[in-house]
Amino acid sequence: MIKYKIFLLISAFALFASCISIKTVSDAYEVIEVDNEVGQFNDTTYFRDFKMVCMENNPKYVLKDIGRIIDIKDTLYILNRGRDEVLVIDKEGNYIREIRKLGRGHGEYIQLIDFAYDESTDELLFLIAPTSILRYKRDGSFVSKQPLTEYYSDLSCDGKYIYLSRHTYIEKTHAEYNIDAISLDDGKTCHILSFDTEYAPFCSLGNTIFNTCNTISFVRKFDTNIYKINNGDITFHSQINIGDKQLKPKTNDELYDCSELTNICIQKKKIYGFSQVVHYGKFLMFSSNIWDIFIKNGKSLSNYSMMKNTKFNIPLKMFLPIEGMADYKVCFVMQQSEINSLKHLLKSNSNLRVKTHPDFVKTIERLPEETNPILFLYKIK
(Lines give C-alpha, C1' and ligand atoms only; values in the text may rest on other atoms or scores of the structure.)
Protein backbone atom coordinates (compact mmCIF):
# COMPACT_ATOMS: atom_id res chain seq x y z
CA MET A 1 0.00 0.00 0.00
CA ILE A 2 0.97 3.57 -0.51
CA LYS A 3 2.52 5.09 2.54
CA TYR A 4 2.02 8.79 2.96
CA LYS A 5 4.55 10.59 5.06
CA ILE A 6 4.47 14.33 5.48
CA PHE A 7 7.83 15.90 5.86
CA LEU A 8 8.52 19.51 6.66
CA LEU A 9 11.39 20.75 4.57
CA ILE A 10 12.95 24.13 4.89
CA SER A 11 15.08 25.05 1.90
CA ALA A 12 16.86 28.33 1.37
CA PHE A 13 17.19 29.44 -2.22
CA ALA A 14 19.90 31.98 -3.01
CA LEU A 15 18.72 34.52 -5.54
CA PHE A 16 20.31 37.11 -7.78
CA ALA A 17 20.84 40.55 -6.23
CA SER A 18 18.32 41.74 -8.81
CA CYS A 19 15.54 39.67 -7.21
CA ILE A 20 12.92 41.31 -5.06
CA SER A 21 13.89 39.29 -1.98
CA ILE A 22 15.70 36.18 -0.81
CA LYS A 23 12.96 33.71 0.02
CA THR A 24 12.95 30.75 2.38
CA VAL A 25 10.47 28.11 1.28
CA SER A 26 8.82 25.97 3.95
CA ASP A 27 6.81 23.22 2.35
CA ALA A 28 5.05 19.96 3.26
CA TYR A 29 5.06 17.21 0.64
CA GLU A 30 4.25 13.54 0.16
CA VAL A 31 6.68 10.68 0.00
CA ILE A 32 4.92 8.23 -2.31
CA GLU A 33 5.80 4.58 -2.71
CA VAL A 34 4.83 2.51 -5.72
CA ASP A 35 1.75 0.50 -4.79
CA ASN A 36 1.95 -2.07 -7.57
CA GLU A 37 3.74 -2.87 -10.80
CA VAL A 38 1.54 -4.06 -13.64
CA GLY A 39 2.54 -4.84 -17.19
CA GLN A 40 -0.34 -3.14 -18.95
CA PHE A 41 -3.40 -1.06 -18.16
CA ASN A 42 -6.51 -0.21 -20.15
CA ASP A 43 -6.90 3.37 -21.30
CA THR A 44 -10.43 3.50 -19.84
CA THR A 45 -8.98 3.08 -16.32
CA TYR A 46 -7.84 6.70 -16.20
CA PHE A 47 -8.89 8.34 -19.47
CA ARG A 48 -11.98 9.11 -21.52
CA ASP A 49 -13.03 10.50 -24.90
CA PHE A 50 -9.84 9.76 -26.81
CA LYS A 51 -9.30 11.20 -30.26
CA MET A 52 -7.05 9.68 -32.90
CA VAL A 53 -5.22 12.22 -35.08
CA CYS A 54 -3.78 10.96 -38.37
CA MET A 55 -1.80 13.80 -39.87
CA GLU A 56 -1.60 14.61 -43.54
CA ASN A 57 1.38 12.93 -45.15
CA ASN A 58 3.29 15.57 -47.02
CA PRO A 59 7.07 15.53 -47.63
CA LYS A 60 7.15 19.23 -46.70
CA TYR A 61 6.28 18.52 -43.09
CA VAL A 62 7.36 15.24 -41.53
CA LEU A 63 7.42 14.91 -37.76
CA LYS A 64 10.81 13.43 -36.91
CA ASP A 65 11.13 14.10 -33.18
CA ILE A 66 8.22 15.53 -31.17
CA GLY A 67 9.66 17.63 -28.35
CA ARG A 68 6.56 19.35 -26.96
CA ILE A 69 2.83 19.76 -27.68
CA ILE A 70 0.84 22.85 -26.69
CA ASP A 71 -2.90 23.19 -27.29
CA ILE A 72 -3.69 26.85 -28.01
CA LYS A 73 -7.29 27.77 -28.80
CA ASP A 74 -8.11 24.21 -29.94
CA THR A 75 -5.10 24.05 -32.26
CA LEU A 76 -2.01 21.87 -31.73
CA TYR A 77 1.42 23.50 -31.80
CA ILE A 78 4.08 20.78 -32.02
CA LEU A 79 7.83 21.18 -31.53
CA ASN A 80 9.35 19.26 -34.43
CA ARG A 81 12.97 19.00 -33.32
CA GLY A 82 14.01 17.13 -36.45
CA ARG A 83 13.35 20.27 -38.52
CA ASP A 84 13.89 23.05 -35.94
CA GLU A 85 10.29 24.21 -36.31
CA VAL A 86 6.89 24.42 -34.69
CA LEU A 87 4.27 22.61 -36.75
CA VAL A 88 0.68 23.81 -36.41
CA ILE A 89 -2.22 21.43 -37.11
CA ASP A 90 -5.89 21.13 -36.22
CA LYS A 91 -7.25 18.15 -34.30
CA GLU A 92 -8.25 16.41 -37.52
CA GLY A 93 -4.58 16.33 -38.52
CA ASN A 94 -4.88 19.04 -41.17
CA TYR A 95 -1.83 21.20 -41.80
CA ILE A 96 -2.24 24.89 -40.90
CA ARG A 97 1.29 26.25 -40.98
CA GLU A 98 4.86 25.71 -39.93
CA ILE A 99 6.94 28.31 -38.10
CA ARG A 100 10.49 27.76 -39.28
CA LYS A 101 12.83 30.74 -39.38
CA LEU A 102 16.26 29.24 -40.03
CA GLY A 103 18.99 31.72 -40.88
CA ARG A 104 21.08 34.53 -39.47
CA GLY A 105 18.84 37.45 -40.30
CA HIS A 106 16.23 39.49 -38.42
CA GLY A 107 13.87 37.19 -36.50
CA GLU A 108 15.80 34.05 -37.53
CA TYR A 109 17.77 31.39 -35.66
CA ILE A 110 20.36 28.66 -36.18
CA GLN A 111 18.68 26.07 -33.96
CA LEU A 112 15.31 25.81 -32.20
CA ILE A 113 15.81 24.25 -28.76
CA ASP A 114 12.33 24.54 -27.22
CA PHE A 115 9.22 26.70 -27.23
CA ALA A 116 6.50 27.90 -24.86
CA TYR A 117 3.31 29.95 -24.95
CA ASP A 118 2.83 33.29 -23.19
CA GLU A 119 -0.90 33.54 -22.60
CA SER A 120 -0.60 37.13 -21.35
CA THR A 121 0.51 38.34 -24.81
CA ASP A 122 -0.82 35.47 -26.96
CA GLU A 123 2.69 34.91 -28.28
CA LEU A 124 5.03 31.98 -28.82
CA LEU A 125 8.43 32.00 -27.13
CA PHE A 126 11.23 30.26 -29.05
CA LEU A 127 14.33 29.28 -27.08
CA ILE A 128 17.02 29.33 -29.75
CA ALA A 129 20.72 29.10 -30.45
CA PRO A 130 22.57 31.44 -30.26
CA THR A 131 21.14 31.69 -26.76
CA SER A 132 18.11 33.99 -26.94
CA ILE A 133 14.32 34.03 -26.74
CA LEU A 134 12.48 35.05 -29.90
CA ARG A 135 8.82 36.07 -29.70
CA TYR A 136 6.42 35.34 -32.54
CA LYS A 137 2.73 35.85 -33.09
CA ARG A 138 0.83 32.61 -33.54
CA ASP A 139 0.77 33.25 -37.30
CA GLY A 140 4.58 33.15 -37.28
CA SER A 141 5.25 36.88 -37.60
CA PHE A 142 8.30 38.03 -35.63
CA VAL A 143 7.78 40.28 -32.59
CA SER A 144 11.02 40.72 -30.61
CA LYS A 145 14.32 39.23 -29.45
CA GLN A 146 15.57 38.82 -25.88
CA PRO A 147 19.27 37.85 -25.62
CA LEU A 148 20.25 35.51 -22.77
CA THR A 149 23.56 35.26 -20.93
CA GLU A 150 23.36 31.57 -19.97
CA TYR A 151 22.76 28.31 -21.83
CA TYR A 152 19.37 26.63 -21.34
CA SER A 153 17.76 23.35 -22.37
CA ASP A 154 14.03 24.14 -22.12
CA LEU A 155 11.51 26.69 -20.90
CA SER A 156 7.95 27.38 -19.77
CA CYS A 157 5.81 30.44 -19.07
CA ASP A 158 2.89 31.12 -16.72
CA GLY A 159 2.08 34.63 -17.93
CA LYS A 160 4.05 36.22 -15.08
CA TYR A 161 7.47 34.58 -15.44
CA ILE A 162 9.52 32.77 -18.03
CA TYR A 163 11.18 29.72 -16.43
CA LEU A 164 14.40 28.44 -18.01
CA SER A 165 16.12 25.16 -17.18
CA ARG A 166 19.90 25.56 -17.28
CA HIS A 167 22.44 23.35 -18.92
CA THR A 168 24.19 21.95 -15.86
CA TYR A 169 27.71 21.47 -17.21
CA ILE A 170 29.25 24.05 -19.54
CA GLU A 171 32.97 24.17 -20.36
CA LYS A 172 33.77 21.74 -17.51
CA THR A 173 32.01 24.00 -15.00
CA HIS A 174 28.96 23.02 -12.97
CA ALA A 175 26.03 25.41 -12.91
CA GLU A 176 25.13 26.87 -9.51
CA TYR A 177 21.40 26.78 -10.15
CA ASN A 178 18.94 24.67 -12.13
CA ILE A 179 16.27 27.24 -12.97
CA ASP A 180 16.20 30.92 -13.77
CA ALA A 181 12.94 32.88 -13.60
CA ILE A 182 12.59 36.05 -15.66
CA SER A 183 9.84 38.40 -14.50
CA LEU A 184 7.60 39.58 -17.33
CA ASP A 185 6.77 42.63 -15.21
CA ASP A 186 10.23 44.15 -14.68
CA GLY A 187 12.57 41.84 -16.60
CA LYS A 188 14.57 40.87 -13.51
CA THR A 189 16.05 37.39 -13.28
CA CYS A 190 16.08 35.18 -10.19
CA HIS A 191 17.67 31.81 -9.47
CA ILE A 192 15.04 29.61 -7.84
CA LEU A 193 16.62 26.18 -7.36
CA SER A 194 20.16 25.42 -6.24
CA PHE A 195 21.97 22.91 -8.40
CA ASP A 196 22.72 19.46 -7.03
CA THR A 197 25.69 17.29 -8.03
CA GLU A 198 25.91 16.33 -11.71
CA TYR A 199 26.62 12.63 -12.34
CA ALA A 200 25.82 12.43 -16.07
CA PRO A 201 26.42 15.88 -17.58
CA PHE A 202 26.11 14.90 -21.23
CA CYS A 203 23.05 12.64 -20.89
CA SER A 204 19.61 14.13 -21.40
CA LEU A 205 16.13 13.01 -20.39
CA GLY A 206 14.56 15.55 -22.72
CA ASN A 207 12.37 18.28 -21.28
CA THR A 208 12.54 19.05 -17.57
CA ILE A 209 9.75 21.66 -17.28
CA PHE A 210 6.09 20.87 -18.03
CA ASN A 211 3.00 23.08 -17.91
CA THR A 212 -0.44 21.49 -17.49
CA CYS A 213 -3.19 24.12 -17.09
CA ASN A 214 -0.63 26.52 -15.58
CA THR A 215 0.55 23.90 -13.08
CA ILE A 216 4.27 23.90 -13.85
CA SER A 217 6.32 20.86 -12.82
CA PHE A 218 10.08 20.40 -12.82
CA VAL A 219 12.26 17.26 -12.62
CA ARG A 220 16.00 16.62 -12.82
CA LYS A 221 18.42 13.71 -13.12
CA PHE A 222 19.32 11.60 -10.07
CA ASP A 223 16.53 13.27 -8.08
CA THR A 224 13.25 11.50 -7.30
CA ASN A 225 11.50 14.71 -6.28
CA ILE A 226 8.86 16.29 -8.47
CA TYR A 227 8.87 20.05 -7.98
CA LYS A 228 6.10 22.58 -8.51
CA ILE A 229 6.76 26.11 -9.77
CA ASN A 230 4.33 28.95 -9.17
CA ASN A 231 4.61 32.74 -9.30
CA GLY A 232 8.40 32.73 -9.31
CA ASP A 233 8.77 30.22 -6.44
CA ILE A 234 9.58 26.52 -6.44
CA THR A 235 8.22 24.03 -3.90
CA PHE A 236 8.40 20.29 -3.39
CA HIS A 237 5.32 18.52 -4.70
CA SER A 238 6.22 14.89 -4.01
CA GLN A 239 9.08 12.45 -3.61
CA ILE A 240 8.72 9.16 -5.45
CA ASN A 241 10.15 6.09 -3.71
CA ILE A 242 10.98 3.60 -6.45
CA GLY A 243 13.14 1.40 -4.20
CA ASP A 244 15.69 -0.83 -5.92
CA LYS A 245 14.81 0.55 -9.36
CA GLN A 246 16.59 3.81 -8.54
CA LEU A 247 20.07 4.06 -10.01
CA LYS A 248 22.50 5.37 -7.43
CA PRO A 249 25.45 7.65 -8.22
CA LYS A 250 28.89 6.06 -8.31
CA THR A 251 30.52 5.89 -4.88
CA ASN A 252 33.51 8.02 -5.89
CA ASP A 253 31.32 10.65 -7.62
CA GLU A 254 32.78 9.57 -10.96
CA LEU A 255 30.75 10.74 -13.96
CA TYR A 256 28.65 8.34 -16.01
CA ASP A 257 29.36 7.99 -19.70
CA CYS A 258 26.07 8.16 -21.64
CA SER A 259 26.44 4.81 -23.41
CA GLU A 260 27.42 3.19 -20.11
CA LEU A 261 24.43 4.79 -18.37
CA THR A 262 22.02 3.68 -21.09
CA ASN A 263 23.29 0.09 -21.05
CA ILE A 264 23.03 -0.17 -17.25
CA CYS A 265 19.49 1.19 -17.24
CA ILE A 266 18.29 -1.07 -20.06
CA GLN A 267 19.92 -4.24 -18.75
CA LYS A 268 19.06 -3.74 -15.09
CA LYS A 269 15.87 -1.66 -15.56
CA LYS A 270 17.26 1.18 -13.51
CA ILE A 271 15.81 4.67 -13.31
CA TYR A 272 17.91 7.83 -12.95
CA GLY A 273 15.25 10.40 -13.74
CA PHE A 274 11.63 11.22 -14.52
CA SER A 275 10.11 13.04 -17.48
CA GLN A 276 6.84 13.89 -19.26
CA VAL A 277 5.05 15.06 -16.12
CA VAL A 278 1.27 15.57 -16.26
CA HIS A 279 -0.07 17.15 -13.07
CA TYR A 280 -3.77 17.97 -13.05
CA GLY A 281 -5.60 18.19 -9.73
CA LYS A 282 -5.09 14.89 -7.89
CA PHE A 283 -3.93 13.18 -11.08
CA LEU A 284 -0.18 12.73 -11.54
CA MET A 285 1.42 10.92 -14.46
CA PHE A 286 5.04 10.73 -15.53
CA SER A 287 7.56 8.59 -17.35
CA SER A 288 11.21 7.74 -16.79
CA ASN A 289 14.41 7.15 -18.73
CA ILE A 290 13.28 3.55 -19.44
CA TRP A 291 9.89 4.76 -20.74
CA ASP A 292 7.69 3.06 -18.20
CA ILE A 293 4.52 4.80 -17.04
CA PHE A 294 3.69 5.96 -13.51
CA ILE A 295 0.16 7.08 -12.63
CA LYS A 296 -1.23 8.36 -9.33
CA ASN A 297 -4.93 9.07 -9.28
CA GLY A 298 -6.06 9.67 -5.71
CA LYS A 299 -4.00 7.66 -3.25
CA SER A 300 -2.33 4.89 -5.22
CA LEU A 301 0.72 5.11 -7.48
CA SER A 302 1.03 2.35 -10.07
CA ASN A 303 3.90 1.52 -12.40
CA TYR A 304 3.09 0.17 -15.89
CA SER A 305 5.05 -0.87 -18.95
CA MET A 306 2.42 0.23 -21.48
CA MET A 307 -1.23 1.13 -22.09
CA LYS A 308 -3.83 -0.65 -24.22
CA ASN A 309 -6.22 1.35 -26.36
CA THR A 310 -9.34 -0.71 -25.70
CA LYS A 311 -11.30 0.45 -28.76
CA PHE A 312 -8.67 -0.60 -31.29
CA ASN A 313 -6.99 -3.24 -29.07
CA ILE A 314 -3.49 -1.85 -29.68
CA PRO A 315 -0.58 -1.15 -27.29
CA LEU A 316 0.67 2.39 -26.72
CA LYS A 317 3.77 3.34 -24.79
CA MET A 318 5.31 6.75 -25.52
CA PHE A 319 3.38 9.79 -24.33
CA LEU A 320 3.76 13.53 -23.83
CA PRO A 321 1.77 16.06 -21.83
CA ILE A 322 -0.55 18.27 -23.85
CA GLU A 323 0.21 21.66 -22.41
CA GLY A 324 -2.28 24.50 -22.32
CA MET A 325 -5.81 24.91 -20.99
CA ALA A 326 -7.72 22.50 -23.25
CA ASP A 327 -9.58 19.34 -22.18
CA TYR A 328 -7.13 16.90 -23.75
CA LYS A 329 -4.19 16.48 -21.35
CA VAL A 330 -2.18 13.48 -22.59
CA CYS A 331 -0.99 12.49 -26.05
CA PHE A 332 0.20 8.95 -26.76
CA VAL A 333 2.31 8.73 -29.89
CA MET A 334 2.59 5.81 -32.30
CA GLN A 335 5.84 6.42 -34.14
CA GLN A 336 6.53 5.68 -37.79
CA SER A 337 8.59 2.59 -36.89
CA GLU A 338 5.78 1.24 -34.69
CA ILE A 339 3.19 1.83 -37.43
CA ASN A 340 5.24 0.00 -40.03
CA SER A 341 6.03 -2.90 -37.67
CA LEU A 342 2.35 -3.28 -36.84
CA LYS A 343 1.40 -3.16 -40.53
CA HIS A 344 3.77 -6.04 -41.28
CA LEU A 345 2.52 -8.04 -38.30
CA LEU A 346 -1.09 -7.60 -39.36
CA LYS A 347 -0.23 -9.00 -42.78
CA SER A 348 1.54 -12.05 -41.40
CA ASN A 349 -0.48 -12.77 -38.25
CA SER A 350 -4.14 -13.54 -38.90
CA ASN A 351 -4.94 -13.89 -35.19
CA LEU A 352 -3.62 -10.39 -34.47
CA ARG A 353 -5.56 -9.03 -37.43
CA VAL A 354 -8.80 -10.51 -36.08
CA LYS A 355 -8.19 -9.02 -32.62
CA THR A 356 -7.39 -5.53 -33.94
CA HIS A 357 -10.32 -3.24 -34.69
CA PRO A 358 -11.01 -3.23 -38.46
CA ASP A 359 -11.24 0.57 -38.58
CA PHE A 360 -7.69 0.86 -37.28
CA VAL A 361 -6.45 -1.86 -39.64
CA LYS A 362 -7.87 0.12 -42.59
CA THR A 363 -6.33 3.32 -41.27
CA ILE A 364 -2.76 2.10 -41.01
CA GLU A 365 -2.87 -0.03 -44.17
CA ARG A 366 -3.41 3.07 -46.27
CA LEU A 367 -0.50 4.94 -44.67
CA PRO A 368 2.80 5.12 -46.64
CA GLU A 369 6.08 3.80 -45.24
CA GLU A 370 7.32 7.38 -44.72
CA THR A 371 4.34 8.33 -42.60
CA ASN A 372 3.86 10.83 -39.82
CA PRO A 373 3.18 9.52 -36.31
CA ILE A 374 -0.39 8.86 -35.18
CA LEU A 375 -1.47 10.90 -32.16
CA PHE A 376 -3.92 9.63 -29.55
CA LEU A 377 -5.32 12.50 -27.49
CA TYR A 378 -6.88 11.69 -24.12
CA LYS A 379 -8.98 13.49 -21.54
CA ILE A 380 -8.48 12.59 -17.88
CA LYS A 381 -11.46 11.10 -16.06
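The values are calculated or read from the model by the stated rules, or taken from the named source; none is laboratory data. All values derive from a computational prediction rather than experimental measurement. Because the Cβ atoms are built from the backbone with ideal geometry, glycine has one as well, and the counts that use them run over all protein chains shown.
Tabulated data
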{"quantity": "Among (1) among the basic types (Lys, Arg); (2) part of a strand (DSSP E or B); (3) under 20 Å from Leu367 (Cα atoms) - the single one Lys308 does not satisfy", "calculated": "(3)"}
{"quantity": "Qualifying position, being of a type in the set (S, T, N, Q) and modelled with pLDDT under 95, among Ser348, Ser288", "calculated": "Ser348"}
{"quantity": "Pair list, Cβ < 6 Å and 6+ apart or interchain, from region 135-151 residues that are within 17 Å of Leu102 (Cα to Cα) to residues that are part of a loop (DSSP other than H, G, I, E, B)", "calculated": "Phe142/Gly107"}
{"quantity": "Entirely in region 66-105, the strands (runs of 3 or more DSSP E) that have 3 or more residues that are surrounded by fewer than 21 Cβ atoms within 10 Å (Cβ to Cβ)", "calculated": "66-72, 95-99"}
{"quantity": "For Ile78: the one exception among (1) among the β-branched types (Val, Ile, Thr); (2) modelled with pLDDT under 95; (3) within 28 Å of Val361 (Cα to Cα)", "calculated": "(2)"}
{"quantity": "Scan of region 362-381 for residues that are in a helix (DSSP H, G or I) and surrounded by 18 or more Cβ atoms within 10 Å (Cβ to Cβ), ordered by number", "calculated": "Ile364"}
{"quantity": "Test: residue in region 232-245 that is charged (D, E, K, R) and closer than 24 Å to Asn36 by Cβ", "calculated": "yes"}
{"quantity": "Flag if Thr251 is surrounded by fewer than 14 Cβ atoms within 10 Å (Cβ to Cβ) and among the hydroxyl-bearing types (Ser, Thr, Tyr)", "calculated": "yes"}
{"quantity": "Scope region 177-225; condition in contact with a Pro (Cβ under 7 Å, 6 or more places away or on another chain) and surrounded by 18 or more Cβ atoms within 10 Å (Cβ to Cβ); matching residues", "calculated": "Tyr199, Phe210, Thr212"}
{"quantity": "Any hit, region 102-113, residues being at pLDDT below 95, on the phi < 0 side of the Ramachandran plot and hydroxyl-bearing (Ser, Thr, Tyr)", "calculated": "no"}
{"quantity": "Leu367 being touching a residue at least 60 places away in the same chain (Cβ under 8 Å), more than 21 Å from Asn42 (Cβ to Cβ) and not basic (Lys, Arg)", "calculated": "yes"}
{"quantity": "Residues being under 18 Å from Ser275 (Cα atoms), under 16 Å from the mean Cα position of the chain (by Cα) and crowded, with 18+ Cβ neighbours inside 10 Å - total across region 295-332", "calculated": "12"}
{"quantity": "Which listed residue, of Ile179, Ile192, Ile162, is assigned to a strand (DSSP E or B), modelled with pLDDT of 95 or more and either among the hydrophobic types (A, V, I, L, M, F, W, C) or touching a helix residue (DSSP H, G or I) at 6+ places or on another chain (Cβ under 9 Å) (or both)", "calculated": "Ile162"}
{"quantity": "Test set (1) more than 23 Å from Asp327 (Cα to Cα); (2) surrounded by 18 or more Cβ atoms within 10 Å (Cβ to Cβ); (3) within 17 Å of the chain's Cα centre (by Cα) - Phe115 fails condition number", "calculated": "(1)"}
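Residue by residue, here is whether (1) at pLDDT below 95; (2) closer than 20 Å to Thr363 by Cβ; (3) more than 20 Å from the chain's Cα centre (by Cα); (4) of a type outside the set (A, V, I, L, M, F, W, C) holds:
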| residue | (1), (2), (3), (4) |
| --- | --- |
| Ser18 | yes, no, yes, yes |
| Asp27 | yes, no, yes, yes |
| Glu56 | yes, yes, yes, yes |
| Gly82 | yes, no, no, yes |
| Glu85 | no, no, no, yes |
| Val88 | no, no, no, no |
